[in-house]
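Written out below as structure tokens is the structure these notes cover.
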Amino acid sequence: MATYIMLMKFTERGAADIMDARAGRKAGKRAAAAMGLKWKQSYLIMGEYDVLVILEAPDDESMARFALMGGMTGAVTTQTMRAFTEAEADRLVESLPQPPV
């Protein structure tokens, strides 16, 4: 499965309902599992974003579907990135053609 990093920002609604964040996280984990994703870890972070979640998904479409569902809650906005392991990155680099001399 591929690894993804999801950055979340609380909306005004999400910030107002912050006391329900634990229930929202549980619901997110259940939704991820139901869609075939694995919720690896989440962090409350400081800076431009409020939450960072690391997930594994079978494909980009499954991850995109999960991200869209998260946005439908109205509690967060998301930015999702594909993350490549060192081994995956090495294979990508090794597959590059040789530059012209």
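The values are calculated or read from the model by the stated rules, or taken from the named source; none is laboratory data. Because the structure is a prediction, the values reported are computed rather than measured. Cβ atoms come from the backbone with ideal geometry, glycine included; neighbour counts cover every protein chain shown. Only protein heavy atoms, including side chains, enter the accessible area calculation; ligands, DNA and RNA are left aside. Shrake-Rupley method; radii C 1.70, N 1.55, O 1.52, S 1.80 Å.
One residue stands out in the range 22-42 among those that are hydrophobic (A, V, I, L, M, F, W, C) and in a helix (DSSP H, G or I): the one that is farthest from residue 60 (Cα to Cα), namely 23. Close contacts from the range 82-101, counting a first residue that is open to solvent by 100 Å² or more (accessible area, probe 1.4 Å) and a second that is among the polar types (S, T, N, Q) and in a loop (DSSP other than H, G, I, E, B), with Cβ to Cβ under 6 Å and a gap of 6+ residues or different chains, come to none at all. Residues in the range 1-16 that are farther than 27 Å from residue 60 by Cα and either open to solvent by 90 Å² or more (accessible area, probe 1.4 Å) or assigned to a strand (DSSP E or B) (or both): 12, 13. The numbered conditions (1) buried (at least 16 other Cβ atoms within 10 Å of the Cβ); (2) of a type outside the set (A, V, I, L, M); (3) farther than 24 Å from residue 82 by Cβ are all true for residue 28 except (3).
Any idea which of 69, 19, 63 is part of a helix (DSSP H, G or I) and within 13 Å of residue 4 (Cα to Cα)? Outline the logic, then answer.
Numbers: 69 fails: within 13 Å of residue 4 (Cα to Cα); 19 fails: within 13 Å of residue 4 (Cα to Cα).
Going through 69, 19, 63 in turn, just one is part of a helix (DSSP H, G or I) and within 13 Å of residue 4 (Cα to Cα): 63.
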